[in-house]
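Some notes on the structure that comes next.
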């Protein structure tokens, strides 16, 4: 991780274009308007995750391994959604932010489940008027996301899934902090152990084989 005390301008795109995959750059004492200007400049760039917490800006670059697990988890949830006829709306890594909270983040993936009917067919989400996603996903194979938990708590995200390459942890928001839980609140049949099992399988087998194994598991757990 590179911790930079503003020796570079936030809008110096070359600064993070030079970052290797799987690295993190932290800039401190960054005003909100510079954070928003950076978002406008780079958009929701596929190779970056940008978060902001009351002056601290964090820019993370992604690796192929990271993206593999994001896609795997997305499709496992999609299979569950279709097979169990549970409405799940997927919003990827859209920028979640609220100026009044001075906080913003881009998760690796996020879903609406309990709030899916509220969101309906919307393509743009505004957290000033819309609920936050019911589940946010962070893949921590090359960097940590614990520092983002206060951001998600401040934005009111009910549940966060974090996978560190070995274990998936489910955390539920209780008051202003997250506590670890055995199972998902949004999708109760998905426990931390079950999700860990199938993500770990993704290290041994190709994605198609994992999907077939998960489909079989769904058949056996009606």
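The values are calculated or read from the model by the stated rules, or taken from the named source; none is laboratory data. The model shown is predicted, which means the values in this text are computed figures rather than measured ones. Every residue, glycine among them, receives a Cβ derived from its backbone with ideal geometry; neighbour counts consider all protein chains shown.
Do we find a residue being touching a helix residue (DSSP H, G or I) at 6+ places or on another chain (Cβ under 9 Å), modelled with pLDDT of 80 or more, surrounded by 15 or more Cβ atoms within 10 Å (Cβ to Cβ) and assigned to a loop (DSSP other than H, G, I, E, B) anywhere in the range 50-60?
There is no residue in the range 50-60 that is touching a helix residue (DSSP H, G or I) at 6+ places or on another chain (Cβ under 9 Å), modelled with pLDDT of 80 or more, surrounded by 15 or more Cβ atoms within 10 Å (Cβ to Cβ) and assigned to a loop (DSSP other than H, G, I, E, B).
When residues of the range 71-80 are filtered for being farther than 16 Å from residue 205 by Cα and within 13 Å of the chain's Cα centre (by Cα), how many remain?
Selection size over the range 71-80: 1.
How do the pairs read when you match residues in the range 187-212 that are on the phi < 0 side of the Ramachandran plot and at pLDDT below 95 with residues anywhere that are surrounded by 14 or more Cβ atoms within 10 Å (Cβ to Cβ) and assigned to a loop (DSSP other than H, G, I, E, B), using Cβ under 9 Å and keeping only pairs 6 or more apart or on different chains?
203/165
Given (1) within 11 Å of the chain's Cα centre (by Cα); (2) within 20 Å of residue 78 (Cβ to Cβ), identify the lone condition not met by residue 148.
For residue 148, the exception is condition (2).
If I ask for residues that are over 18 Å from the mean Cα position of the chain (by Cα), in a loop (DSSP other than H, G, I, E, B), touching a residue at least 24 places away in the same chain (Cβ under 8 Å) and over 28 Å from residue 143 (Cβ atoms), which ones from the range 99-131 would you list?
128
Test residue 19 against the criterion of being more than 16 Å from the chain's Cα centre (by Cα), at pLDDT 60 or above, farther than 21 Å from residue 137 by Cα and not in a strand (DSSP E or B), and give yes or no.
yes
Here are the criteria: (1) modelled with pLDDT of 90 or more; (2) more than 18 Å from residue 136 (Cα to Cα); (3) in a helix (DSSP H, G or I). Tell me which single one residue 72 does not satisfy.
(2)
Based on this model, can you work out whether residue 150 counts as modelled with pLDDT of 95 or more, surrounded by 15 or more Cβ atoms within 10 Å (Cβ to Cβ) and touching a helix residue (DSSP H, G or I) at 6+ places or on another chain (Cβ under 6 Å)?
no
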